[in-house]
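The values are calculated or read from the model by the stated rules, or taken from the named source; none is laboratory data. Because the structure is a prediction, the values reported are computed rather than measured. Note that each Cβ is placed from the backbone with ideal geometry, even for glycine, and that neighbours are counted across all protein chains shown.
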Amino acid sequence: MTPLRITEYLATPPLPRLVPEGVFDDFGWCASDTLEWSRPSARPFDLATPLDGSDPARMVFVFHRADHGPEFLPREMAKLHAFGMGLGDDDWALAPYAIDDATDGLWERRMRPREVLWLAADNMNALFWGLHDWSHFHNHGPFEERAWTELQCDQAALFWMWVNRGAIGLDEPAWLRMHADVLQGALARFEAEGKRFNPEYLPRCTADALRDLAPSRQP
Ligand SMILES: [Zn+2]
């Protein structure tokens, strides 16, 4: 029988801090290394879903074991959020509204995120936000400088999208478009927050700067 889901271990090497010191109070407290990512095998990964800032559909962090959903984290049934992957009544997931609880709770207890959670995501928007949250889980901040915090996590998601583009099936032009859109959105958050973005930080956030940080160029 064909397995209902395809699983990949995405490389998530730590992205250096690109934003001012003090935005995070414990940047890189846990060095990210890999993210277990699954998607349904019955249909192709949906590359076309546009990125947007709303709650991503069909994305959820699943606890590795039913009895391992740490009690301090709100949980919901995984099958309510990830479909066609064979998830059953014993599969529990981090409640989608509880990303901040996980960011704080895993950090307070020094629990390595990958030992607790794996990601179910069947479309590009879902995978982007999953990677964005993966950055939050490894870099703790008080979230007082929201626009800067989100900028760092956006850049980490873009960086990991680039590093894993082969596994994801993302080509270079599509990644460059995504980079431009995401960066534009990240800069708009400063305006929305009534904060000023310091343009000295822009050169660290360009597509070329991110690609230069990738461990090795794929053929
Ligand atoms: Zn965020």
(Q) Going residue by residue through the stretch 150-161, is there one that turns out to be touching a Pro at 6+ places or on another chain (Cβ under 7 Å), within 15 Å of the ligand (Cβ to nearest atom) and under 20 Å from A214 (Cα atoms)? (A) no
**Q.** Unique match (being among the acidic types (D, E) and in contact with a Pro (Cβ under 7 Å, 6 or more places away or on another chain)) among D89, D26, D55, D100
**A.** D55
Q.
What's the number of the only condition in (1) crowded, with 21+ Cβ neighbours inside 10 Å; (2) free of Cβ contacts under 8 Å to residues at least 60 places away in the same chain; (3) not hydrophobic (A, V, I, L, M, F, W, C) that D171 fails to meet?
A. (1)
(Q) Please verify whether V182 is surrounded by 18 or more Cβ atoms within 10 Å (Cβ to Cβ) and either polar (S, T, N, Q) or touching an Asp or Glu at 6+ places or on another chain (Cβ under 9 Å) (or both), treating the condition exactly as stated. (A) yes
Q: Taking only the stretch 167-185 into account, find how many residues are in a helix (DSSP H, G or I) and more than 19 Å from L213 (Cβ to Cβ).
A: 6
(Q) I'd like the full set of residues that are under 28 Å from D181 (Cα atoms) and of a type in the set (F, W, Y), limited to the stretch 96-132. (A) Y97, W118, F128, W129
Q: Could you check the stretch 4-64 for strands (runs of 3 or more DSSP E) lying wholly inside it with 3 or more residues that are among the hydrophobic types (A, V, I, L, M, F, W, C) and surrounded by 13 or more Cβ atoms within 10 Å (Cβ to Cβ)?
A: 5-11, 59-63
**Q.** strands (runs of 3 or more DSSP E) wholly inside the stretch 73-166 that include at least 2 residues being crowded, with 19+ Cβ neighbours inside 10 Å and hydrophobic (A, V, I, L, M, F, W, C)
**A.** 92-94, 117-121
Q.
What are the pairs with Cβ atoms under 8 angstrom where one residue, in the stretch 188-199, is within 12 Å of R146 (Cβ to Cβ) and the other, located anywhere, is surrounded by fewer than 13 Cβ atoms within 10 Å (Cβ to Cβ)? Sequence gap at least six, or different chains.
A. F190/R196
Q: Specify which of the listed residues (G130, G185) is at pLDDT 95 or above and either within 11 Å of the ligand (Cβ to nearest atom) or closer than 13 Å to S32 by Cβ (or both).
A: G130
Q. Which residues, taken from the stretch 75-113, are more than 12 Å from F63 (Cβ to Cβ) and among the charged types (D, E, K, R)?
A. K79, D89, D100, D101, D104, E108, R109, R110, R112
Q. Mind checking whether some residue in the stretch 75-96 is of a type outside the set (D, E, K, R), closer than 22 Å to H140 by Cα and under 15 Å from the mean Cα position of the chain (by Cα)?
A. yes
Q. Could you say whether any residue in the stretch 31-43 is more than 15 Å from the chain's Cα centre (by Cα) and of a type in the set (V, I, T)?
A. no
